Amino acid sequence: MSEKAPVSVVVITKNESSRISDCLKSVDWAKEIIVLDDFSTDNTVEIAKRFTDKVFQRAMDIEGKHRNYAYGLASCEWVLSLDADERVTPDLRDEITRLLAGHPSCNGYTIPRKNFMGNVWVRYGGMYPSAQLRFFRKGEFRYDEQAEVHPQAYMKDPRGALKNDILHYTYRDFTDAIAKLDRQTDLEAKKWFREKRRVGIFWTLRKMIDRFCRAYFSKQGHKDGVIGLFLAVNSGMYQFLSFAKYWEMNKKER
């Protein structure tokens, strides 16, 4: 493209040297690329600097606060939020440039995501379209700055929906998925502990079974074979591990 699209692409990184290059290549059509790095110990920063001179570092504290800080660095009116394990497809690029040429009336747009286990597109179990609000006017969108994990997003209507996908290489393999489960349930348990939630074992068992059944049966995760079964079990285990870690925190405080 001869003229860059008036978009600030904001990417959050932490030790992503194996993936950051492909991510940034997919957004070379944007006027501005901003990378906010959580003090990577690999060469993520050096690779990012090949694509943009706007590479900053800040220690990740609260996810929503960290992301809001990153969006505040943008100079364009429109922000596209990405993670290092995501790629913008050419069709999505073209859809965004056409949208901006037509003077969009919405404050933000959801974008569907194709989630992958390794190189396998996971089509069922609630993994597609898995749309998220990723393209928005700067200043009109923010995350809650209290939640340790899965922060709530806030934006006034109107909002729209884009049709083309972000490619999300969610898990490198099963081992990577288990490691992410461990990290995220650490944060979930800390959130429950901070909020002093009342969570019991029977409630946890019910939620475990419900999460598994919805992913594997209701949302047809069984059609994804072994991967679908793994992810459904993973979904149920999220609830149990969060509870177990939360229980342990309460036990230590007594």
message = I'd like to know if region 145-157 contains one or more residues that are in a loop (DSSP other than H, G, I, E, B) and within 20 Å of Glu95 (Cβ to Cβ).
response = no
Failed item in (1) surrounded by fewer than 18 Cβ atoms within 10 Å (Cβ to Cβ); (2) in contact (Cβ under 8 Å) with a residue 60 or more places away in the chain; (3) farther than 24 Å from Pro158 by Cα, with Asp85 passing the rest = (1)
ask   = If only one of Lys245, Lys138, Lys207 is in contact (Cβ under 8 Å) with a residue 60 or more places away in the chain, surrounded by 16 or more Cβ atoms within 10 Å (Cβ to Cβ), charged (D, E, K, R) and farther than 28 Å from Thr89 by Cβ, which one is it?
value = Lys245
ask   = Given Ile201, Ile227, which one is closer than 23 Å to Met127 by Cα and not polar (S, T, N, Q)?
value = Ile227
query = Among (1) under 25 Å from Glu63 (Cβ atoms); (2) crowded, with 18+ Cβ neighbours inside 10 Å, where does Cys106 come up short?
reply = (2)
request  = Test Arg214 against the criterion of being among the charged types (D, E, K, R), buried (at least 16 other Cβ atoms within 10 Å of the Cβ) and out of contact with any Asp or Glu (no Cβ under 8 Å at 6 or more places or on another chain), and give yes or no.
outcome  = yes
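Residue-by-condition table, conditions (1) under 20 Å from Glu63 (Cα atoms); (2) among the basic types (Lys, Arg); (3) in a helix (DSSP H, G or I):
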position	(1), (2), (3)
Leu167	no, no, no
Ala179	yes, no, yes
Gln184	yes, no, yes
Trp192	yes, no, yes
Phe202	no, no, yes
Leu205	no, no, yes
Ala215	no, no, yes
Val226	no, no, yes
Leu229	no, no, yes
query = When the residues of region 120-134 are filtered to those that are over 17 Å from Val88 (Cβ atoms) and in contact with a Gly (Cβ under 6 Å, 6 or more places away or on another chain), which remaining residue is most open to solvent (accessible area, probe 1.4 Å)?
reply = Tyr124
note = Considering residues that are within 13 Å of Asp165 (Cα to Cα), open to solvent by less than 40 Å² (accessible area, probe 1.4 Å) and part of a strand (DSSP E or B), the number found within region 109-119 is 6
note = Only one of (1) over 25 Å from Ala70 (Cα atoms); (2) more than 16 Å from the chain's Cα centre (by Cα); (3) among the charged types (D, E, K, R); (4) open to solvent by 90 Å² or more (accessible area, probe 1.4 Å) does not apply to Arg172, and that is (2)
note = Taking region 182-192 and keeping only residues that are buried (at least 18 other Cβ atoms within 10 Å of the Cβ) and hydrophobic (A, V, I, L, M, F, W, C), one is left with Ala189, Trp192
task = State all residues of region 1-31 that are surrounded by fewer than 20 Cβ atoms within 10 Å (Cβ to Cβ), over 22 Å from Asp61 (Cβ atoms), of a type outside the set (Gly, Ala, Ser) and touching a residue at least 24 places away in the same chain (Cβ under 8 Å); if no residue qualifies, say none.
result = Met1, Lys4, Pro6, Arg19, Asp22, Lys25, Trp29, Lys31
note = Filtering region 46-82 down to residues that are crowded, with 17+ Cβ neighbours inside 10 Å, outside any helix (DSSP H, G or I) and touching a residue at least 24 places away in the same chain (Cβ under 8 Å) yields Phe51, Thr52, Ile62, Leu73, Ala74, Cys76, Trp78, Val79, Leu80, Ser81, Leu82
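The values are calculated or read from the model by the stated rules, or taken from the named source; none is laboratory data. A quick note: this is a predicted structure, and the numbers were derived from the prediction, not measured. Here Cβ is always computed from backbone atoms with ideal geometry, including for glycine, and neighbour counts include all displayed protein chains. Accessible surface is based on the protein model in full, side chains and every heavy atom, while ligands, DNA and RNA are left aside. Shrake-Rupley method; radii C 1.70, N 1.55, O 1.52, S 1.80 Å.
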